[in-house]
Amino acid sequence: MFGTEEIQGFWVHLEHDVRTGRPELRMLLDAGDYGLFPVILHIGPWTVTEAVDRMMSQSMANFPGFQKTDAITQALAAEANPLVSIILYFMFPGTRNRLLKATGSRPLARHPKKDPGRLADVSRGRTGVL
């Protein structure tokens, strides 16, 4: 739940802060009537709650007037924890193959295999629809 709305889905990618080089896990949550909500977790040897706390501290530094509270930090951490678990599950080797075998489908290539202009071999990608 996100507030009173269920999360409809989310997009995730790895990024790094261009100023500090710090690695980040960036999520964009589809929170129903609330719209899209970005969550940026700083990656390191700490808990998801600490990563959310670091995100909130960075938000305070970047946006004067932004107020960080323990209640908001705990609520965002409660939303992020299960999403991080899902992400880690899909990063585990072999998960994609097990899902493809279970569903009987494979991703379709966007370009013919002989097309020299194609950018990537999607049959080896780590994308999927949940």
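Observations on the structure shown:
- The stretch 9-91: C-alpha gyration tensor shape, a/c 1.5 cut-off, then a/b vs b/c: rounded
- Cβ-based charge dipole, the stretch 9-91, positive-most Cα from Ile43, Leu29, Leu83: Ile43
- Relative contact order for the stretch 9-91, counting Cα pairs under 8 Å that sit 6 or more residues apart, in percent: 17 percent
- One decimal place: the segment Thr20-Gln67 gains 14.6 nm when fully extended, by the rule 0.36 nm per residue minus the C-alpha distance.
- Karplus-derived 3J(HN,Hα), 6.51/-1.76/1.60, for each residue of the stretch 59-68, Hz, glycine and proline x: 4, 4, 5, 7, 10, x, x, 6, 10, 9
- Assigned charges on the beta-carbon of Lys, Arg, Asp, Glu; the stretch 9-91 dipole about Cα centre (debye): 220 debye
- Put simply, the amide H of Ile43, placed in the peptide plane, has neighbours under 5 Å in Glu24, Leu25, leaving out anything fewer than 5 places away on its chain.
Read-outs: derived from the displayed coordinates by stated rules, not from any lab. As the structure is a computational prediction, the values presented were derived from the model and not from experiment. So basically every Cβ, Gly included, is an ideal-geometry build from the backbone, and we count neighbours across all protein chains shown.
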